[in-house]
1. Which order do D400, D60, D66 take by accessible area at a 1.4 Å probe, largest first?
2. Please find the FRET efficiency linking M135 to K253, where r is the Cβ-Cβ separation and R0 is fixed at 45 Å, and quote it to the nearest 0.05.
3. How much of the pair distance distribution for the stretch 17-89 lies past 16 Å, counting alpha-carbon pairs only, in percent?
4. Take the alpha-carbon centre of the stretch 341-402, take the same for the stretch 228-302, and report the distance between them in whole Å.
5. Determine the per residue accessible area of the chain with all protein chains present and a 1.4 angstrom probe, expressed in square angstrom.
6. Against the longest alpha carbon principal axis of the chain, how many degrees, from 0 to 90 and to the nearest 10, is the axis of helix 170-186 turned?
7. I need the phi-derived Karplus couplings for the stretch 81-96: 6.51 cos²θ - 1.76 cosθ + 1.60, θ = phi - 60°, integer Hz, Gly and Pro marked x.
8. Order of 351-360, 9-18 by packing, highest average Cβ count within 10 Å first?
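The values are calculated or read from the model by the stated rules, or taken from the named source; none is laboratory data. It should be emphasised that the depicted structure is a prediction, and the values quoted were computed from it without experimental measurement. As a convention, Cβ positions derive from the backbone with ideal geometry for all residues, glycine included, and neighbour counts pool all protein chains shown. Quick note on the areas: whole protein, heavy atoms, side chains included, nothing else; ligands and nucleic acids left out. Shrake-Rupley method; radii C 1.70, N 1.55, O 1.52, S 1.80 Å.
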Amino acid sequence: MAQQKINLLEQFFSSSWLRTRITSANVQIKEMVLGYLVGPFCALISNAIFASYLNRYYSDILHWTDKSKFGLFATFMPMVSVIVVVLGNLMVGRMMDLTRTPQGKARPYLLLSAPILMVAIIGLFMTPRNSSPTMQMVWICVSYNLYYALAYPMFYTAHSSMVNLSTRNTNQRGLLATLSNAAGVAAVGIGASILVPVLLQGFLFVDHGGVIDTQASYNHWKGVILVLCLITFLGILCEYYFTRERITEENLKLKIKEAKLPMARQVKACMTEPFWWVIILYFLLFQLSGMVKNGSMSYYSRWMFNGVTGEGAAGGAMSALGLIGGIPTAIGMVLAWPIANKLGKRKAVAWGMVIAVIGGSFSLIDVHSLKMVCIGVALKGVGSIPAMYVTLALLSDVLDHL
């Protein structure tokens, strides 16, 4: 059954109107800007906003933490769903590994993810407020897992593979890795941490004397989500049409038949390789810390800082933190690779990690002072520069090694 689906994909992506708009043998400006910066930025911005606000939408607008209505649902639903999310990621990865089309093995899943993401995003924020708690819980479960276990893994697995499949030229690969990471950083920093808090937080969480107007907020979210769907869709199309899998094309042109290794052998190869464990554990901890920070920032800005009494002020504080942390990160796009070339990728990331930990610790001196927290966040941003821009190329090196 899986092989039949793969064959259908091969036929579908043989169509001329699905061909990449990149025809150059080497990476050029159009591919760098549209395929690895503008497209991914637009495609990733919705997920960045969800990382900061989805949990708060559930708690403050849908009131899923109200135990009289939902019981322990808010506690156990994410814990159970993580199993489905892991299985979904593995399934998408396996499907991509088996796929060979004239448009590559990863790019087809970029295009396929676009309509599924639109449906999933709308489902996340269209939970019927006036229905029974049981209906709301079922809706949240289905929409949450449709997005995080299928739609987003389909996009992000393909997106994160593009640098490794784009070219064998290590210098060009490093540049593409920097731009791809810059798109993700900008989506989180500019979109979810600066613009949305300062421009939209008071609109998305309508505050009347410290009490959220849930109906007005719900209606506002619906309008914003439709705009985000359109931006995400156009961003994915941009990345699809302005990227190219040169390595996959070479293998097809030379009729190189890749050995279909059994899953058990692939797992053994990874599990017995120290570099694999190092890079995977690094990404796990780095992503975990980022998710904790992004998911709690809206709550933190609203309730922890002295002098913050409303959603507008909370959005301003959150935007200030995003701007202070984002300035070093933006400058780092220029400095990351000179530092990595001087110290080596691994050493640059390791020393940056030390600086970032010191900065994070500095923020704990006075957790209620916006000034003290901003200083710590700025120092953390400096230390995070290698992690933001170098690690995707480091991961590509590990994959080449494997």
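1. These residues rank, largest area first, as D400, D66, D60.
2. Values: r = 53 Å, r/R0 = 1.18.
E(calc), rounded to 0.05, equals 0.25.
3. Values: 1840 of 2628 pairs.
That tail contains 70 percent of the Cα-Cα pairs.
4. Rounded to whole Å, the Cα centres lie 20 Å apart.
5. 49 Å²
6. 20 degrees
7. Result, rounded to whole Hz: 5, 4, 5, 5, 5, 4, 4, x, 5, 5, 5, 5, x, 5, 4, 5.
8. Order by mean packing, descending: 351-360, 9-18.
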